[in-house]
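A short worksheet on the structure shown next.
The values are calculated or read from the model by the stated rules, or taken from the named source; none is laboratory data. All values reported here derive from a predicted model rather than from experimental measurement. Neighbour counts run over all protein chains shown; Cβ positions are idealised from the backbone, glycine included.
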Amino acid sequence: MNTAVTKNALVSETIAKKFETEKATPYTRWIAEEGLDIIPSLYVENLHTVELKPWARRGGKGLYLNHDASRTSNDCYVCEIAPGSELAPQRQLFEEMIYVLDGRGSTTVTNGAGAKVSFEWKAGAIFAIPLNTVHQHFNGSGSEPARFVAVTNGPPIINAFGDTDFVFNTPYDFKNRFAGESNYFANGGEQKGLLLDTNFVADAVNLPLISAKERGAGGGHIRFSMAKGSMNSHISQFPTATYKKAHAHGPGAHVIIMSGSGFSLMGPDTDNLNRYDWREGTMIVPPNMWFHQHFNTGTTPARYLAFKAEGVSIRNAQGVPKAWISRRVGGDQIDYADESLQVRETFTAALAQVGLTPRMAEAYEMELADLPAKVSQKG
Ligand SMILES: [Fe+2]
(Lines give C-alpha, C1' and ligand atoms only; values in the text may rest on other atoms or scores of the structure.)
Protein backbone atom coordinates (compact mmCIF):
# COMPACT_ATOMS: atom_id res chain seq x y z
CA MET A 1 0.00 0.00 0.00
CA ASN A 2 1.27 3.48 -0.84
CA THR A 3 4.29 1.85 -2.42
CA ALA A 4 7.04 3.93 -3.96
CA VAL A 5 6.14 2.81 -7.48
CA THR A 6 3.14 4.69 -8.81
CA LYS A 7 1.42 2.89 -11.65
CA ASN A 8 -0.06 5.92 -13.35
CA ALA A 9 0.38 4.51 -16.88
CA LEU A 10 2.29 7.60 -18.04
CA VAL A 11 4.75 7.10 -20.95
CA SER A 12 7.50 9.12 -22.63
CA GLU A 13 6.83 12.42 -24.43
CA THR A 14 7.88 10.70 -27.69
CA ILE A 15 5.05 8.19 -27.49
CA ALA A 16 2.60 10.82 -26.22
CA LYS A 17 3.35 13.01 -29.23
CA LYS A 18 2.24 10.25 -31.64
CA PHE A 19 -1.28 10.42 -30.14
CA GLU A 20 -1.46 14.17 -29.59
CA THR A 21 -3.84 14.86 -32.46
CA GLU A 22 -6.29 12.24 -31.15
CA LYS A 23 -6.45 13.73 -27.66
CA ALA A 24 -8.99 16.48 -28.36
CA THR A 25 -12.52 15.45 -29.36
CA PRO A 26 -15.69 17.33 -30.33
CA TYR A 27 -16.69 16.87 -26.66
CA THR A 28 -13.53 18.42 -25.17
CA ARG A 29 -13.63 21.22 -27.76
CA TRP A 30 -17.25 21.96 -26.83
CA ILE A 31 -16.35 22.32 -23.12
CA ALA A 32 -13.51 24.70 -24.05
CA GLU A 33 -15.99 26.74 -26.13
CA GLU A 34 -18.31 26.87 -23.11
CA GLY A 35 -15.41 28.55 -21.26
CA LEU A 36 -15.21 25.84 -18.62
CA ASP A 37 -12.38 23.78 -17.14
CA ILE A 38 -12.15 20.00 -16.96
CA ILE A 39 -10.61 18.52 -13.82
CA PRO A 40 -9.98 14.83 -13.02
CA SER A 41 -12.85 13.16 -11.18
CA LEU A 42 -10.76 10.36 -9.61
CA TYR A 43 -11.05 12.04 -6.20
CA VAL A 44 -12.87 15.30 -5.49
CA GLU A 45 -12.67 16.03 -1.79
CA ASN A 46 -15.66 18.36 -1.57
CA LEU A 47 -18.24 18.93 -4.31
CA HIS A 48 -19.83 21.70 -2.22
CA THR A 49 -16.75 23.90 -2.43
CA VAL A 50 -14.99 22.83 -5.64
CA GLU A 51 -14.28 26.00 -7.62
CA LEU A 52 -16.57 26.84 -10.55
CA LYS A 53 -16.24 29.31 -13.42
CA PRO A 54 -18.89 31.59 -14.93
CA TRP A 55 -20.93 29.67 -17.53
CA ALA A 56 -22.30 32.44 -19.74
CA ARG A 57 -24.50 30.30 -22.01
CA ARG A 58 -26.33 28.60 -19.15
CA GLY A 59 -26.38 31.64 -16.88
CA GLY A 60 -24.73 30.07 -13.83
CA LYS A 61 -21.30 28.76 -12.87
CA GLY A 62 -19.88 25.36 -13.79
CA LEU A 63 -17.03 22.86 -13.88
CA TYR A 64 -16.60 19.56 -15.78
CA LEU A 65 -15.12 16.50 -14.09
CA ASN A 66 -13.80 13.76 -16.36
CA HIS A 67 -12.55 10.22 -15.72
CA ASP A 68 -10.21 8.12 -17.83
CA ALA A 69 -12.90 7.12 -20.32
CA SER A 70 -15.15 10.20 -20.33
CA ARG A 71 -14.64 10.55 -24.05
CA THR A 72 -16.34 7.20 -24.67
CA SER A 73 -18.83 6.78 -21.83
CA ASN A 74 -20.26 9.32 -19.37
CA ASP A 75 -19.14 12.56 -17.75
CA CYS A 76 -19.93 14.76 -14.79
CA TYR A 77 -20.36 18.46 -14.09
CA VAL A 78 -21.10 20.67 -11.10
CA CYS A 79 -23.33 23.70 -11.60
CA GLU A 80 -24.39 26.55 -9.35
CA ILE A 81 -27.36 28.90 -9.73
CA ALA A 82 -27.02 32.32 -8.07
CA PRO A 83 -29.59 33.41 -5.44
CA GLY A 84 -32.83 34.59 -7.05
CA SER A 85 -31.62 33.45 -10.48
CA GLU A 86 -32.26 30.68 -13.00
CA LEU A 87 -30.40 28.82 -15.75
CA ALA A 88 -31.28 29.25 -19.42
CA PRO A 89 -33.68 26.62 -20.79
CA GLN A 90 -31.90 23.74 -22.57
CA ARG A 91 -32.76 20.59 -24.51
CA GLN A 92 -30.20 17.90 -25.37
CA LEU A 93 -30.02 14.54 -27.12
CA PHE A 94 -28.26 12.94 -24.16
CA GLU A 95 -29.43 11.78 -20.75
CA GLU A 96 -28.76 13.49 -17.45
CA MET A 97 -29.08 12.46 -13.78
CA ILE A 98 -28.90 15.12 -11.06
CA TYR A 99 -28.14 15.14 -7.33
CA VAL A 100 -28.84 18.41 -5.48
CA LEU A 101 -25.89 19.33 -3.25
CA ASP A 102 -27.01 22.67 -1.77
CA GLY A 103 -30.00 24.95 -1.61
CA ARG A 104 -33.51 24.60 -3.01
CA GLY A 105 -35.32 25.40 -6.20
CA SER A 106 -37.52 24.08 -8.97
CA THR A 107 -37.31 22.69 -12.48
CA THR A 108 -39.69 22.89 -15.41
CA VAL A 109 -39.75 20.22 -18.12
CA THR A 110 -41.57 20.80 -21.41
CA ASN A 111 -41.97 18.59 -24.47
CA GLY A 112 -42.44 19.67 -28.08
CA ALA A 113 -46.23 19.32 -27.79
CA GLY A 114 -46.19 22.02 -25.11
CA ALA A 115 -46.91 19.77 -22.11
CA LYS A 116 -45.15 21.34 -19.14
CA VAL A 117 -44.56 19.95 -15.64
CA SER A 118 -42.68 21.55 -12.79
CA PHE A 119 -41.44 20.25 -9.46
CA GLU A 120 -39.55 21.55 -6.44
CA TRP A 121 -36.34 20.17 -4.98
CA LYS A 122 -33.85 20.80 -2.22
CA ALA A 123 -30.48 19.41 -1.14
CA GLY A 124 -30.57 15.60 -1.11
CA ALA A 125 -32.97 15.21 -4.05
CA ILE A 126 -32.16 13.13 -7.12
CA PHE A 127 -33.92 13.22 -10.48
CA ALA A 128 -33.31 12.75 -14.20
CA ILE A 129 -34.13 14.88 -17.23
CA PRO A 130 -36.28 13.03 -19.82
CA LEU A 131 -34.36 12.80 -23.10
CA ASN A 132 -34.52 15.94 -25.27
CA THR A 133 -37.14 17.75 -23.18
CA VAL A 134 -36.69 21.50 -22.71
CA HIS A 135 -35.76 21.91 -19.05
CA GLN A 136 -35.01 24.90 -16.89
CA HIS A 137 -33.71 25.10 -13.31
CA PHE A 138 -34.66 27.93 -10.92
CA ASN A 139 -33.05 28.80 -7.60
CA GLY A 140 -35.88 29.08 -5.04
CA SER A 141 -33.87 31.19 -2.62
CA GLY A 142 -33.14 34.88 -2.84
CA SER A 143 -30.16 34.65 -0.51
CA GLU A 144 -28.43 31.25 -0.97
CA PRO A 145 -26.94 29.68 -4.11
CA ALA A 146 -28.27 26.30 -5.32
CA ARG A 147 -25.66 23.75 -6.44
CA PHE A 148 -26.06 20.36 -8.11
CA VAL A 149 -23.84 17.63 -9.55
CA ALA A 150 -24.94 15.89 -12.75
CA VAL A 151 -23.80 12.82 -14.68
CA THR A 152 -24.61 12.64 -18.41
CA ASN A 153 -23.92 10.41 -21.39
CA GLY A 154 -23.10 13.53 -23.43
CA PRO A 155 -19.54 12.60 -24.49
CA PRO A 156 -20.37 9.69 -26.86
CA ILE A 157 -23.38 11.57 -28.26
CA ILE A 158 -21.46 14.79 -28.91
CA ASN A 159 -18.53 12.83 -30.37
CA ALA A 160 -20.75 10.66 -32.57
CA PHE A 161 -22.43 13.63 -34.28
CA GLY A 162 -19.68 16.24 -33.89
CA ASP A 163 -22.33 18.91 -34.23
CA THR A 164 -23.52 20.61 -31.04
CA ASP A 165 -26.23 22.52 -32.89
CA PHE A 166 -27.80 19.14 -33.73
CA VAL A 167 -27.32 17.80 -30.18
CA PHE A 168 -28.85 20.87 -28.49
CA ASN A 169 -31.37 22.11 -31.06
CA THR A 170 -33.20 19.15 -32.55
CA PRO A 171 -36.96 19.21 -31.87
CA TYR A 172 -38.13 15.65 -31.34
CA ASP A 173 -40.30 14.13 -28.59
CA PHE A 174 -39.29 10.70 -27.27
CA LYS A 175 -42.90 9.94 -26.26
CA ASN A 176 -42.00 6.60 -24.65
CA ARG A 177 -39.83 8.51 -22.17
CA PHE A 178 -42.05 11.51 -21.38
CA ALA A 179 -45.52 12.18 -22.73
CA GLY A 180 -46.44 15.15 -20.54
CA GLU A 181 -47.68 13.11 -17.54
CA SER A 182 -48.59 15.64 -14.82
CA ASN A 183 -47.36 13.31 -12.02
CA TYR A 184 -44.10 12.43 -13.80
CA PHE A 185 -41.95 13.93 -11.01
CA ALA A 186 -44.11 12.82 -8.08
CA ASN A 187 -41.96 11.60 -5.19
CA GLY A 188 -42.04 7.79 -4.87
CA GLY A 189 -42.36 5.18 -7.58
CA GLU A 190 -42.80 1.44 -7.95
CA GLN A 191 -40.38 -0.93 -6.18
CA LYS A 192 -39.52 -3.98 -8.31
CA GLY A 193 -37.07 -6.10 -6.30
CA LEU A 194 -33.96 -3.98 -5.79
CA LEU A 195 -35.10 -1.54 -8.48
CA LEU A 196 -37.13 1.58 -7.72
CA ASP A 197 -38.82 2.77 -10.88
CA THR A 198 -38.99 6.52 -10.29
CA ASN A 199 -38.11 9.89 -11.82
CA PHE A 200 -37.67 11.90 -8.63
CA VAL A 201 -36.61 11.14 -5.05
CA ALA A 202 -37.13 14.17 -2.80
CA ASP A 203 -34.81 12.98 -0.01
CA ALA A 204 -32.38 10.32 -1.21
CA VAL A 205 -30.20 10.81 1.89
CA ASN A 206 -32.92 9.28 4.09
CA LEU A 207 -34.62 6.98 1.55
CA PRO A 208 -35.35 3.51 3.07
CA LEU A 209 -33.14 0.85 1.45
CA ILE A 210 -33.44 -2.89 0.73
CA SER A 211 -31.19 -5.29 2.66
CA ALA A 212 -28.35 -6.55 0.44
CA LYS A 213 -25.48 -8.76 1.60
CA GLU A 214 -23.86 -9.69 -1.70
CA ARG A 215 -21.02 -7.26 -1.29
CA GLY A 216 -20.50 -8.00 2.39
CA ALA A 217 -20.98 -6.07 5.61
CA GLY A 218 -24.77 -6.12 6.10
CA GLY A 219 -25.57 -3.19 3.87
CA GLY A 220 -28.65 -1.63 2.36
CA HIS A 221 -29.04 -1.08 -1.36
CA ILE A 222 -31.49 0.37 -3.86
CA ARG A 223 -31.23 0.74 -7.62
CA PHE A 224 -32.89 3.35 -9.82
CA SER A 225 -34.16 3.55 -13.32
CA MET A 226 -34.98 7.24 -13.83
CA ALA A 227 -36.73 8.96 -16.73
CA LYS A 228 -36.68 5.64 -18.65
CA GLY A 229 -33.02 6.27 -19.44
CA SER A 230 -30.23 3.87 -20.33
CA MET A 231 -27.97 5.18 -17.56
CA ASN A 232 -28.49 3.77 -14.10
CA SER A 233 -27.76 4.56 -10.49
CA HIS A 234 -27.85 3.05 -7.03
CA ILE A 235 -27.49 3.92 -3.36
CA SER A 236 -25.54 1.73 -0.93
CA GLN A 237 -25.23 2.02 2.81
CA PHE A 238 -23.07 0.08 5.26
CA PRO A 239 -22.77 0.14 9.07
CA THR A 240 -20.17 1.78 11.26
CA ALA A 241 -16.86 -0.11 11.66
CA THR A 242 -17.51 -2.30 8.60
CA TYR A 243 -16.22 -2.35 5.03
CA LYS A 244 -17.31 -3.61 1.63
CA LYS A 245 -15.53 -6.16 -0.53
CA ALA A 246 -12.89 -4.93 -2.93
CA HIS A 247 -13.86 -5.15 -6.58
CA ALA A 248 -13.08 -3.75 -10.01
CA HIS A 249 -15.26 -2.77 -12.99
CA GLY A 250 -15.40 -0.57 -16.05
CA PRO A 251 -15.00 3.22 -15.89
CA GLY A 252 -17.64 5.82 -15.08
CA ALA A 253 -19.15 4.96 -11.66
CA HIS A 254 -19.48 8.34 -9.93
CA VAL A 255 -19.52 7.55 -6.20
CA ILE A 256 -20.85 10.52 -4.20
CA ILE A 257 -20.82 10.31 -0.40
CA MET A 258 -24.24 11.26 1.02
CA SER A 259 -23.56 10.66 4.71
CA GLY A 260 -20.96 9.22 7.06
CA SER A 261 -17.19 9.23 6.95
CA GLY A 262 -14.42 6.82 6.09
CA PHE A 263 -11.93 6.07 3.33
CA SER A 264 -11.48 4.02 0.19
CA LEU A 265 -8.45 2.03 -0.89
CA MET A 266 -8.06 2.24 -4.63
CA GLY A 267 -5.42 1.26 -7.17
CA PRO A 268 -4.64 -0.53 -10.45
CA ASP A 269 -3.85 -3.76 -8.60
CA THR A 270 -4.02 -5.04 -5.05
CA ASP A 271 -0.32 -4.35 -4.41
CA ASN A 272 -0.64 -0.72 -5.41
CA LEU A 273 -3.44 0.85 -3.40
CA ASN A 274 -3.74 4.41 -2.20
CA ARG A 275 -6.00 5.75 0.52
CA TYR A 276 -8.66 8.39 -0.22
CA ASP A 277 -10.49 9.84 2.79
CA TRP A 278 -14.12 10.84 2.39
CA ARG A 279 -17.09 12.46 4.12
CA GLU A 280 -20.40 13.90 2.96
CA GLY A 281 -19.83 15.72 -0.35
CA THR A 282 -16.72 13.78 -1.50
CA MET A 283 -16.78 12.10 -4.93
CA ILE A 284 -14.65 9.18 -6.12
CA VAL A 285 -14.64 7.75 -9.65
CA PRO A 286 -12.62 4.51 -9.77
CA PRO A 287 -10.70 4.30 -13.08
CA ASN A 288 -11.14 1.40 -15.49
CA MET A 289 -10.62 -1.94 -13.68
CA TRP A 290 -8.98 -0.38 -10.63
CA PHE A 291 -9.63 -2.30 -7.45
CA HIS A 292 -11.48 -0.22 -4.87
CA GLN A 293 -12.84 -0.91 -1.42
CA HIS A 294 -14.89 1.32 0.89
CA PHE A 295 -14.35 1.47 4.69
CA ASN A 296 -16.67 3.11 7.25
CA THR A 297 -14.65 4.60 10.11
CA GLY A 298 -17.38 6.93 11.35
CA THR A 299 -19.86 6.47 14.17
CA THR A 300 -22.88 6.43 11.82
CA PRO A 301 -23.81 4.35 8.76
CA ALA A 302 -22.11 5.53 5.56
CA ARG A 303 -24.27 6.06 2.46
CA TYR A 304 -23.21 6.75 -1.09
CA LEU A 305 -24.89 7.38 -4.41
CA ALA A 306 -23.40 5.93 -7.60
CA PHE A 307 -24.35 7.49 -10.94
CA LYS A 308 -23.21 5.12 -13.71
CA ALA A 309 -23.40 4.16 -17.37
CA GLU A 310 -23.78 0.61 -18.68
CA GLY A 311 -20.06 0.44 -19.55
CA VAL A 312 -19.33 0.20 -15.83
CA SER A 313 -20.93 -3.26 -15.69
CA ILE A 314 -18.86 -5.85 -17.46
CA ARG A 315 -21.13 -8.90 -17.28
CA ASN A 316 -20.74 -12.67 -17.43
CA ALA A 317 -22.69 -14.88 -19.87
CA GLN A 318 -25.68 -14.88 -17.45
CA GLY A 319 -25.81 -11.08 -17.39
CA VAL A 320 -24.41 -10.79 -13.85
CA PRO A 321 -21.89 -7.94 -13.36
CA LYS A 322 -18.44 -9.48 -12.86
CA ALA A 323 -17.83 -6.99 -10.04
CA TRP A 324 -20.36 -9.05 -8.02
CA ILE A 325 -18.62 -12.38 -8.73
CA SER A 326 -15.72 -13.90 -6.77
CA ARG A 327 -12.26 -13.75 -8.30
CA ARG A 328 -12.02 -17.44 -7.36
CA VAL A 329 -14.38 -18.25 -10.25
CA GLY A 330 -13.18 -15.58 -12.67
CA GLY A 331 -15.09 -12.56 -11.39
CA ASP A 332 -13.73 -9.21 -10.28
CA GLN A 333 -14.65 -9.21 -6.57
CA ILE A 334 -12.12 -10.15 -3.87
CA ASP A 335 -13.58 -12.25 -1.07
CA TYR A 336 -12.77 -11.22 2.49
CA ALA A 337 -11.01 -14.58 2.85
CA ASP A 338 -8.58 -13.63 0.08
CA GLU A 339 -7.79 -10.03 1.00
CA SER A 340 -4.35 -9.05 2.25
CA LEU A 341 -3.52 -8.72 5.91
CA GLN A 342 -2.59 -5.12 5.14
CA VAL A 343 -6.21 -4.28 4.31
CA ARG A 344 -7.40 -5.43 7.72
CA GLU A 345 -4.50 -3.77 9.52
CA THR A 346 -5.15 -0.44 7.79
CA PHE A 347 -8.82 -0.59 8.77
CA THR A 348 -8.13 -1.60 12.39
CA ALA A 349 -5.58 1.20 12.76
CA ALA A 350 -7.95 3.81 11.29
CA LEU A 351 -10.75 2.72 13.65
CA ALA A 352 -8.44 2.76 16.65
CA GLN A 353 -7.81 6.45 16.05
CA VAL A 354 -11.49 7.14 16.73
CA GLY A 355 -11.80 4.60 19.55
CA LEU A 356 -13.61 1.89 17.54
CA THR A 357 -12.85 -1.73 16.71
CA PRO A 358 -13.88 -3.63 13.53
CA ARG A 359 -17.36 -5.17 13.47
CA MET A 360 -16.64 -7.63 10.67
CA ALA A 361 -16.90 -11.03 12.38
CA GLU A 362 -20.45 -11.67 11.10
CA ALA A 363 -19.61 -10.66 7.53
CA TYR A 364 -16.54 -12.93 7.46
CA GLU A 365 -18.61 -15.79 8.86
CA MET A 366 -21.51 -15.30 6.41
CA GLU A 367 -19.16 -15.31 3.45
CA LEU A 368 -17.96 -18.83 4.21
CA ALA A 369 -21.40 -20.29 3.40
CA ASP A 370 -21.18 -19.36 -0.30
CA LEU A 371 -17.44 -19.07 -0.76
CA PRO A 372 -16.38 -20.92 -3.93
CA ALA A 373 -13.52 -23.38 -3.55
CA LYS A 374 -10.12 -22.06 -4.49
CA VAL A 375 -9.15 -23.20 -7.98
CA SER A 376 -5.71 -24.79 -8.13
CA GLN A 377 -3.10 -22.65 -9.92
CA LYS A 378 -1.29 -25.79 -11.16
CA GLY A 379 -1.33 -26.96 -14.73
FE1 LIG B 1 -17.45 -0.12 -7.53
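Looking at GLU80, GLU96 in this structure, which one is under 21 Å from ASP163 (Cβ atoms) and surrounded by 20 or more Cβ atoms within 10 Å (Cβ to Cβ)?
Selected residue: GLU96, the only one of GLU80, GLU96 that is under 21 Å from ASP163 (Cβ atoms) and surrounded by 20 or more Cβ atoms within 10 Å (Cβ to Cβ).
Within the stretch 188-207, track down each residue that is at pLDDT 95 or above and either in a strand (DSSP E or B) or in contact with a Pro (Cβ under 6 Å, 6 or more places away or on another chain) (or both).
Passing the criteria: PHE200, VAL201.
Please work out if VAL109 is crowded, with 20+ Cβ neighbours inside 10 Å, within 20 Å of ASN183 (Cβ to Cβ) and not polar (S, T, N, Q). Spell out how you get there, then give the answer.
Values: crowded, with 20+ Cβ neighbours inside 10 Å: yes; within 20 Å of ASN183 (Cβ to Cβ): yes; not polar (S, T, N, Q): yes.
Yes.
How about the stretch 322-377: which of its residues are small (Gly, Ala, Ser), over 21 Å from ASN272 (Cβ atoms) and in contact with a strand residue (DSSP E or B) (Cβ under 7 Å, 6 or more places away or on another chain)?
In the first step, residues of the stretch 322-377 are kept if they are small (Gly, Ala, Ser); the result is 323, 326, 330-331, 337, 340, 349-350, 352, 355, 361, 363, 369, 373, 376.
Next, only the ones that are over 21 Å from ASN272 (Cβ atoms) stay: 326, 330, 337, 352, 355, 361, 363, 369, 373, 376.
Passing the criteria: only SER326.
If you go through the stretch 160-174 one residue at a time, do you hit one that is out of contact with any helix residue (DSSP H, G or I) (no Cβ under 7 Å at 6 or more places or on another chain), aliphatic (A, V, I, L, M) and without any contact (Cβ under 8 Å) to a residue 60 or more places away in the chain? Lay out the reasoning, then the answer.
Applying the first criterion (out of contact with any helix residue (DSSP H, G or I) (no Cβ under 7 Å at 6 or more places or on another chain)) to the stretch 160-174 yields 160, 163, 165-166, 168-174.
Cutting the leftovers down to aliphatic (A, V, I, L, M) gives us 160.
Add one more test, that the residue is without any contact (Cβ under 8 Å) to a residue 60 or more places away in the chain, and what stays is 160.
Yes, the stretch 160-174 contains at least one residue that is out of contact with any helix residue (DSSP H, G or I) (no Cβ under 7 Å at 6 or more places or on another chain), aliphatic (A, V, I, L, M) and without any contact (Cβ under 8 Å) to a residue 60 or more places away in the chain.
For the stretch 271-316, which residues satisfy the criterion of being within 12 Å of the ligand (Cβ to nearest atom), assigned to a strand (DSSP E or B) and touching a helix residue (DSSP H, G or I) at 6+ places or on another chain (Cβ under 8 Å)?
GLN293
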